[in-house]
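Beneath this line is the structure, given in structure tokens, with notes to follow.
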Amino acid sequence: MENIVNLSASLLALISSCSLLVMFIRDKAKRKSGKDMFFKLLKNNFEHNFINDREDILVLLNSVNREFDCTYSLISVLEDYIVYISKGETKNDNIVKYSYKMIKDIINEENQEKPFSNVPDQEKRILRNINENIMNNQIELIKFNLQELSYVITTRNKTYEKADKINKWSLPVAIIGIIVAIIFGLMGLKNIDYNKIEEINKKLIENTIRR
């Protein structure tokens with residue numbers, strides 16, 4: 001009876017680890033698939049003369065956002081599309097030149113209408129303040145906002161570094177969890193403290209982040 005309980009616990013740990021692994025891989029694949037789909041749709045619509053302005057592109061992007069449950073920034077995804085067509089994915093030179101010019105114009109318009117649109121809200125507020133200070137020649141306020149911006153960037157960078165370490169270790173830890181669960185399940189070991197195993201995994205990630 002106790003072996004059955006141990007085996008059941010091992011199977012639960014295995015399912016949990018597999019779920020984490022699947023979610024990690026699926027999220028990355030979903031974002032890539034969504035962008036690939038947008039590129040193909042945009043390329044096809046340019047080739048069939050369906051793209052006349054920014055709104056036609058937004059229709060495609062909004063549809064892809066809904067289908068893949070993702071949010072792609074218009075400027076970022078258009079900048080990536082320029083790289084995509086520059087690699088020779090579209091062989092018609094006239095279409096490449098036409099689409100390139102239109103996309104560049106849209107990106108420039110977006111940057112003028114919504115400066116720093118790809119920047120997080122806190123940094124965006126400070127950058128807009130600096131822009132206004134420059135136009136009004138307010139040197140002291142420029143210095144103040146630059147100092148504030150440096151604090152925000154430093155904090156944001158630390159957050160990104162921690163997130164990056166978590167992402168790097170999530171996959172290995174999930175794999176280790178799967179292997180350990182399989183071994184324990186096959187061996188049918190008694191008195192296994194599964195909470196302790198989970199705690200060790202968490203500490204491994206936390207210690208890695210602190211480095």
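Numbers for the structure displayed
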read-out	value
Links that overshoot a 27 Å alpha carbon limit, given the list 35/124; 104/162; 40/158; 104/158; 35/97	104/162; 40/158; 104/158
Shape of region 64-119, Cα gyration tensor, a/c cut at 1.5	oblate
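Each reported figure results from applying straightforward, stated rules to the coordinates on display, with no laboratory input. As the structure is a computational prediction, the values presented were derived from the model and not from experiment.
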